[in-house]
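The block underneath contains the structure these notes are about, expressed in structure tokens.
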Ligand SMILES: [Zn+2]
């Protein structure tokens, strides 16, 4: 692979600082140099990209999703969380097969690539089919095979997940695996502790749902005498690298439980859509390791981290009656923090860092004149502004076009979606 020269870009780094023009040299999957202006030492086989009208940022991270659920997008609308889980999603999922999972994951990956996502953290069953989709697509991902305590044979599930970790973790340098106990309300404390031991044995982390709804806290106190995050902490899971999906209702007294390597993936659009109420992440947010997730498309309909960050900032300003809440730089840093939660070393625009980058065209009607590129990105931009993107120096999107065969992805998903309606809903062993 020859070098790629991204010439003359305006750089927006992970802290939201703007500088430029810069030329970024990409070689063997890494950034090999960042130079001021437009250096003249081109080689004959260099791929030179004129970036003089583009803004260069690290790629976006979606730190909590269920990619296969893209196949359910729009199937359960205007439903309470109880109805959404128990009468819609879990009954449909009970009839889902591996081909549905892979088709949904590919659809999700196509959407994320369009939106400038270079890495995502996933949580779902039939995880080997997600892994196959990730490897085939060029994106990076951290995949957590979901484990349900209520499904029975937890040790069998754990053994299967361990096999998947051994088989796929580290594949092509683009895939990492971790354990995905669903939540402290579908897994017992013993199940969670067993997950922590298995993950520690294999040197990986975990990814779990905690406190997306306020009702879960009262139920946990009644059942275990402890709040949900305390249950998770006592299991040993928080001693590991841990992605906490949601953490939206985290109590003040639970905050000291968080340790280095624990991250909270907030998915604001889902909470608004499911009527989950105001949450508690607004209070002194700088104390919390907040990152951005999208949750699955069955609840949030889209997989755009930008849209989720925007929604969170807007909700904060509205909720707190404070226009200064979640200012641009803090919102951008929250979006970029997802890089730290994943084991790929991405997120920096400097020599030696993996070349996971997005080039934004802000000279479009929705974003121009972009006095402040951060304002343009956070409050105006969408997938149409993603001109180019790459993971490990390989193009995912070029000249506004995905490198995937998107028509084939849609065609395959169409067949599976028709099958899902034909199969209908099954019985579920889960209960929310
Ligand atoms: Zn989730």
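Read-outs throughout are calculated quantities, based only on the coordinates presented, and are distinct from any laboratory measurement. All values reported here derive from a predicted model rather than from experimental measurement. For neighbour counting, all protein chains shown are included, and Cβ atoms are generated from backbone atoms with ideal geometry for every residue, glycine included.
Side notes on the structure shown:
- Difference of contour (0.36 nm per residue) and Cα-Cα distance, residue 252 to residue 284: 10.5 nm
- With Cα atoms, 0 to 90° folded angle of helix 154-168 axis to the chain main axis: 20 degrees
- Spacing of the two label points (7 Å from each Cα toward its C-beta) at residue 47 and residue 77, in nm: 3.9 nm
- In terms of its C-alpha gyration tensor, the range 60-341 comes out rounded, because the ratio a/c of the largest to the smallest axis stays below 1.5.
- Rounded, prolate or oblate (a/c below 1.5 giving rounded, otherwise prolate when a/b exceeds b/c) for the range 3-80 by Cα gyration tensor: prolate
- Here the label points at residue 259 and residue 150, each 7 Å from Cα along the C-beta direction, are separated by 3.0 nm in the simple model.
- Of all DSSP-defined beta bridges confined to the chain, some 45% are antiparallel rather than parallel.
- Taking other C-beta atoms within 10 Å as the exposure proxy, 329, 73, 226 rank 329, 226, 73 from fewest upward.
- Computed [θ] at 222 nm, deg cm²/dmol, the chain (DSSP H ≥ 4; -39,500 (n - 2.57); rounded to nearest 500): -9500 deg cm²/dmol
- To the nearest ten degrees, helix 98-114 and the longest principal axis of the Cα atoms of the chain are 40 degrees apart.
- Taking the fewest neighbouring Cβ atoms within 10 Å as the starting point, the ordered list for 80, 118 is 80, 118.
- Backbone N atoms of the range 105-135 closer than 11 Å to the 7 Å Cα→Cβ label point of residue 160 belong to residues 125-128.
- In degrees, nearest ten, helix 127-137 long axis to first principal axis of the chain (Cα): 10 degrees
- Here the label points at residue 219 and residue 318, each 7 Å from Cα along the C-beta direction, are separated by 2.6 nm in the simple model.
- Highest to lowest packing among 399-406, 256-263, 174-181, scored as the average C-beta count within 10 Å: 174-181, 256-263, 399-406
- For residue 406 and residue 382, the FRET efficiency from 1/(1 + (r/R0)^6), where r spans their Cβ atoms and R0 equals 22 Å, is about 0.85.
- Rg and Dmax [Cα atoms of the range 278-363; Å; Rg one decimal, Dmax integer]: 14.5, 43
- A Förster distance of 22 Å, applied to the separation of the beta-carbon atoms of residue 35 and residue 363, puts the FRET efficiency at 0.40.
- Distance from the range 270-330 to the range 362-432 (C-alpha centre basis), Å: 20 Å
- Fully extending the segment from residue 399 to residue 28, taken as 0.36 nm per residue of separation minus the present Cα-Cα distance, adds 131.4 nm.
- Sorting the segments 182-194, 137-149, 273-285 by their mean number of nearby beta carbons within 10 angstrom, highest to lowest, gives 137-149, 182-194, 273-285.
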